[in-house]
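What follows is a set of notes on a single structure, which appears directly below.
The values are calculated or read from the model by the stated rules, or taken from the named source; none is laboratory data. Since this is a predicted model, take the numbers as computed values, not measurements. Because the Cβ atoms are built from the backbone with ideal geometry, glycine has one as well, and the counts that use them run over all protein chains shown.
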Amino acid sequence: MAESQSLSTDKDLTALEARLGHRFADPALLKRALSHASIGPDSNERLEFFGDRVLGLIVAERLYADYPDADEGGLAVRLNALVRREACAKAGEAAGLASHLIMAAGESVSGGRQKSAILAGACEAVIAALYFDGGLAAAKAFVLRYWEDAFATLKPELRDAKTALQEWAQSGALREKAQPVYAVRERVGPDHAPIFTVEVRIPGHEAQRGEGPTKREAEQDAARRLLWNLGVWKE
């Protein structure tokens, strides 16, 4: 299978290493981290698996220090926001990984370098490569550098209460993962200015109700009230 490979010279490799903040003792490890599954068995998938766990540890440690008053659920919501695909793809883009990805020519021509899933996977694989070549310190330096904006803007991201509640319910904070269930309990007012009352339930916790001029806004209000009641949000 034909490949499209950008890491063809030592100069290219050195420039990328400078952005990663680490000079590799084993350059082949970095090339493996940048190799998409389309090239065959020597891809970055195993490194991606490991890098995801290293990323989670580094982010969890930072959150534990930054939010001393947050409970397990509150930390879990923030963790999920920081390790999801979009956050990893954004960090990979900032680090300039796209032009260095090694992939089949067909995948490259079809826009593979711009696909968030591919970029996110490569970013996680690079974190693993940094860990194996330079230890946790090398991986941590990369994550704290390229996730700094994500940490700084974390609080506004959590204003979407429905998303935050769903992530909390799926995070393992409950004995069993569950989906929040919303139900419209009341609709009053004229057609041009209705007021909806929506109830949200999660197994094992007291249901909460919210109000709003639309069903969606009422759901957001209910989710926000439940998050407050759970102690996940204290802002």
When you scan the stretch 149-195, how many residues do you find that are closer than 15 Å to residue 225 by Cα, modelled with pLDDT under 80 and surrounded by fewer than 14 Cβ atoms within 10 Å (Cβ to Cβ)? 1
With the requirement that a residue be modelled with pLDDT under 85 and not in a loop (DSSP other than H, G, I, E, B), what does the stretch 196-215 give you? 212
Determine, yes or no, whether residue 109 is touching a Phe, Trp or Tyr at 6+ places or on another chain (Cβ under 7 Å), among the β-branched types (Val, Ile, Thr) and modelled with pLDDT under 90. no
Given (1) charged (D, E, K, R); (2) touching a Gly at 6+ places or on another chain (Cβ under 7 Å); (3) within 30 Å of residue 161 (Cβ to Cβ); (4) modelled with pLDDT of 90 or more, residue 48 misses just (3)
Please list, ordered by first then second residue, the pairs with beta carbon atoms under 9 Å, 6 or more apart or interchain, first in the stretch 22-44 and free of Cβ contacts under 8 Å to residues at least 40 places away in the same chain, second part of a loop (DSSP other than H, G, I, E, B). 27/7; 37/43; 37/44; 40/1; 43/36
Residue 88 passes all but one of the listed conditions (1) over 17 Å from residue 133 (Cβ atoms); (2) at pLDDT below 85; (3) surrounded by 15 or more Cβ atoms within 10 Å (Cβ to Cβ); the exception is number (2)
